[in-house]
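Following: one structure in structure tokens, then a few remarks.
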Amino acid sequence: MPRDFNRIVLGLAVFLALVLTPVWTNLFRSVPPLQDPEIATRNIPGKDKCVLPSVEMKVTHMNLLNQWRDSVVRNDQRDYATADGRHFDMSLSRTCMNCHTDKAKFCDRCHNALAVNPYCWDCHVEPLVQPASMGTEVR
Amino acid sequence: MMDRRDFMKYAGLSGLSLASIPLLKKLSAAELPQGSSHATKQLAMVVNLRKCLELDNCTKCIEACNQTHNIPLIDNPDDNIRWIWKERFDRAFEDQEHEHLTESIRWSPLVVMCNHCENPPCVRVCPTQATWKREKDGIVMMDWHRCIGCRYCMAACPYGSRSFNWRDPRQHLAKIQPDYPTRTKGVVEKCTFCDERLSRGQLPSCVEACSEKALTFGDLSDHKSEVRELLSSAYTIRRKPSLGTGPQVYYIV
């Protein structure tokens, strides 16, 4: 048995415990189950379909928003025609959020789980969950 | 005495310089400012100061604009935000001020805004094309998504028409109007002749709000437009025209 065997083992154990902190703290943490985003308007006629098919929206909504933004701001084109002949006013607050009224239960649920934090809401006004008459009080 | 070699050298150089004349002509032509014939659409505003100054302390146009665009009210002149605001004659028209002006013109603050110049210096200096002159109607546009807050445009604008958000504007808004985004700390903003209202067929909100009909808005390339009629029937002045920016806000004095 080498000299200082016990001390070496103890040192190694402490070292491993420290290095693996992220692993064992996560092992014992109860993670809330991933919640599906709430589709509030699924059963409201006229609001039961997204701008693009849902599968596409999941993957490309950020690109669609960029496209809308450039179209409105840089080309003054505000009307978006879908392949199946529906028309939308290209607007984040007035269109997306008109169907997905509860940002926290829709956009944020996904984004929080994925640690995405779009800065759009620094400027764009998120809707109040209760429909307000005209202005929105400052939070 | 010039020897043969030197003579040949100078003769050659003179020949070369003659050959460069067409090139110089081309270059100098490129420097000439373009004429203001308004072949394409150019939106403009005519402010009738005779009507405007009749109502003392009227701020309807300013309030309408502030509400439409979520413009914060910050008292401190160093960091307030303004799209349309009031300026005294000697500050707005420095080069046309003299001590014998009528009392009302001399001391009443008058409305000023972005001049949507024909030749906008702010556009030239913007490194990200966050501001540009829209070809189809001459509006000097803003893309707040692209603005990096470098403030070159503010240094370039001779009218002070641009404001920088030193603070979070939402802290200074009593009410947020949800149809128009606010801006954030770190971006520059200014009047866009209400491009968002124009594209829905509405007039700019200041024009709509003015009960005296002192603000007239329209297209200068259209001979029959109201603005053209006003400009051809009354004497008008513009702010700092000698700078060559071609301001498109005209004042009937």
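Among the residues of the stretch B:98-133, what is the count of those that are at pLDDT 95 or above and in a loop (DSSP other than H, G, I, E, B)? Don't jump to the end; show me each part of the working.
Applying the first criterion (at pLDDT 95 or above) to the stretch B:98-133 yields B:111-133.
Then drop every residue that is not in a loop (DSSP other than H, G, I, E, B), which leaves B:114-120, B:126-130.
Total satisfying the criteria: 12.
For the stretch A:92-117, a residue qualifies if it is assigned to a loop (DSSP other than H, G, I, E, B) and open to solvent by 40 Å² or more (accessible area, probe 1.4 Å), and the qualifying residues are A:T101, A:A115, A:V116, A:N117.
Kindly establish whether B:G149 is at positive phi, within 20 Å of the chain's Cα centre (by Cα) and within 14 Å of chain A (Cβ to nearest Cβ). Lay out the reasoning, then the answer.
Details: at positive phi: yes; within 20 Å of the chain's Cα centre (by Cα): yes; within 14 Å of chain A (Cβ to nearest Cβ): yes.
Answer is yes for this residue.
Checking each residue in the stretch B:227-253 for being within 19 Å of B:D137 (Cα to Cα) and touching a residue at least 60 places away in the same chain (Cβ under 8 Å) picks out B:V227, B:L231, B:T245, B:G246, B:P247, B:Q248, B:V249, B:Y250. Considering (1) open to solvent by 30 Å² or more (accessible area, probe 1.4 Å); (2) over 19 Å from the mean Cα position of the chain (by Cα); (3) charged (D, E, K, R), the lone condition that B:R91 does not fulfil carries the number (2).
Among the residues of the stretch B:128-152, those identified as without any contact (Cβ under 8 Å) to a residue 60 or more places away in the chain and open to solvent by 80 Å² or more (accessible area, probe 1.4 Å) are B:Q129, B:R146, B:I148, B:R151, B:Y152. Just one of the listed residues (A:N75, A:N63) is within 14 Å of another protein chain (Cβ to nearest Cβ) and either of a type outside the set (A, V, I, L, M, F, W, C) or open to solvent by 40 Å² or more (accessible area, probe 1.4 Å) (or both), namely A:N75.
For the stretch B:174-193, a residue qualifies if it is closer than 19 Å to B:W85 by Cα, facing chain A (nearest Cβ under 10 Å) and of a type in the set (K, R), and exactly one does: B:R183.
Test A:A40 against the stated conditions and say whether it is within 30 Å of B:A130 (Cα to Cα) and modelled with pLDDT under 90. No; evaluated as a whole, the condition is false for this residue. Among the criteria (1) away from chain A (no Cβ under 14 Å); (2) touching a Phe, Trp or Tyr at 6+ places or on another chain (Cβ under 8 Å), the one B:E196 does not fulfil is (1). Evaluating B:R151 against the criteria (1) in contact with a helix residue (DSSP H, G or I) (Cβ under 9 Å, 6 or more places away or on another chain); (2) over 23 Å from B:C58 (Cβ atoms) leaves one unmet condition, (1). For the stretch A:124-134, the criterion of a residue being in contact with a helix residue (DSSP H, G or I) (Cβ under 9 Å, 6 or more places away or on another chain), of a type outside the set (S, T, Y), at pLDDT 95 or above and crowded, with 17+ Cβ neighbours inside 10 Å is satisfied by at least one position. Filtering the stretch A:12-59 to residues that are open to solvent by 100 Å² or more (accessible area, probe 1.4 Å) and in contact (Cβ under 8 Å) with a residue 60 or more places away in the chain leaves A:L34, A:Q35, A:D36. Of the listed requirements (1) under 29 Å from B:G186 (Cα atoms); (2) touching a residue at least 60 places away in the same chain (Cβ under 8 Å), B:I105 misses just one: (1).
Every residue, every condition in (1) open to solvent by 50 Å² or more (accessible area, probe 1.4 Å); (2) over 20 Å from the mean Cα position of the chain (by Cα); (3) in the same structural domain as B:R239 (by TED's automatic domain parsing), yes or no:
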| position | (1), (2), (3) |
| --- | --- |
| B:Q67 | yes, yes, yes |
| B:D95 | yes, no, yes |
| B:M154 | yes, no, yes |
| B:S163 | no, no, yes |
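The set of residues in the stretch B:192-224 being of a type in the set (S, T, N, Q) and more than 12 Å from B:M45 (Cβ to Cβ) consists of B:T192, B:S199, B:Q202, B:S205, B:S211, B:S221. Against the definition (buried (at least 20 other Cβ atoms within 10 Å of the Cβ), modelled with pLDDT of 95 or more and either in contact with a helix residue (DSSP H, G or I) (Cβ under 9 Å, 6 or more places away or on another chain) or not assigned by TED's automatic domain parsing to the domain that holds B:I139 (or both)), how does B:I62 come out, yes or no? No.
Kindly provide the set of residues from the stretch B:181-223 that are under 18 Å from B:V249 (Cα atoms), open to solvent by 50 Å² or more (accessible area, probe 1.4 Å) and either in a loop (DSSP other than H, G, I, E, B) or at pLDDT below 95 (or both), ordered by number. Listed by number, the residues that qualify are B:L203, B:E212, B:K213, B:D222, B:H223.
The values are calculated or read from the model by the stated rules, or taken from the named source; none is laboratory data. This is a predicted model, so every value here is computed, not measured. Cβ sites come from the backbone with ideal geometry, for glycine too, and all protein chains shown count toward neighbours. Protein only, heavy atoms only, side chains kept; ligands, DNA and RNA dropped before computing areas. Shrake-Rupley method; radii C 1.70, N 1.55, O 1.52, S 1.80 Å.
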